[in-house]
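Before any comments, here is the structure.
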Amino acid sequence: MPRALACIALLLMVAGCQGPQNVAQKKPLTAQSVTLQAKDMPSMQRCDASGDLDTVLQREKSSDPSSYERNSYQWGLWKREGATEGYLAVYGAGPLDCAALSSPSSGAPTGGLVLGLVMKFKNAATAARIYETGVEFLGFGPSDISFVRSTGGMVTTGSDTGLGKQSAVGSATVSGASYYFAFWQNKSFESDFLAYNVASTDAAKAVQDMNGRIN
């Protein structure tokens, strides 16, 4: 065999042996890696209210005991039915906006506030079943849809949202303040999104960013 061909054959053989070892393993998706990220809301800052659901609920236990009892019961029930983890990410335009979420006395956000809640279940069937229950949890749920509709806002459900059959998206402007929500189930994830005083285009992009990480 000519020397040049022998060298090529040797290089190909070495590459074939080493190739699979050099392929980066894709990290499994988690609720935290799917939900809102800083890059989704570059003009906002992450709020201290963010965290895994167990931590979030413990904070609520001292700040709002009645809501804690309801939300803690629901989360415990879902965990027994197949929820494996959950994560709430909160971003505000500034410190006062973040404070408005954690302290009722702070009033409404003056700039903007965005929340992304993602829960991961053991499989897609369980996630779909939980989505279909339409249970209110941590302020996310049917009341958001009712509120937007009652104010003359727009609500889109199903495949027309671009988020799949199990989804709902809505937006409204009330007294100069804008509201935007999106709820959807994709694979083994159930995701909720709420935005206050954020441009609809920015909110919609953040939702697509979240969903894109699942796909």
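Values quoted throughout were computed directly from the atomic coordinates according to the rules given, and no laboratory measurement underlies them. Given the structure is predicted, the values throughout are model-derived calculations rather than measurements. FYI the Cβ positions are ideal-geometry reconstructions off the backbone, even for glycines, and counts take in every protein chain you see.
Couple of notes before you dig in:
- Partners for K187 among lysines (Cα-Cα distance below 30 Å; same-chain residues under 8 apart left out): K26, K27, K39, K79, K120, K122, K165, K205
- Structure-derived Cα Rg over 2.2 N^0.38 Å - corresponding label in (i) 1.29; (ii) 0.99; (iii) 0.91: (i)
- Contact order normalised by residue count of the chain, Cα under 8 Å, 6+ apart, percent: 19 percent
- Alpha carbon Rg of segment 60-170, scaled by the compact-globule rule 2.2 N^0.38 Å: 1.19
- Other residues whose C-beta falls under 14 angstrom from the C-beta of V118 contribute a net charge of -3, scoring Lys and Arg +1 and Asp and Glu -1.
- Within the shell defined by Cβ-Cβ distances under 11 Å, the residues around T30 carry a net charge of +1, with Lys and Arg each +1 and Asp and Glu each -1.
- Extension gain, S33 back to R149 (0.36 nm per residue minus Cα-Cα distance, nm): 38.6 nm
- Distant-in-sequence amide H partners of G94 (H built 1.01 Å from N, under 5 Å): Q45, G112
- The protection proxy used here, the mean number of other Cβ atoms lying within 10 Å of each residue, ranks peptides 123-131, 166-174, 54-62 as follows, highest first: 166-174, 123-131, 54-62.
- Scattering profile of segment 141-215 at q = 0.17, 0.21 Å⁻¹ [log10 I(q)/I(0), Debye over alpha-carbon scatterers]: -0.58, -0.88
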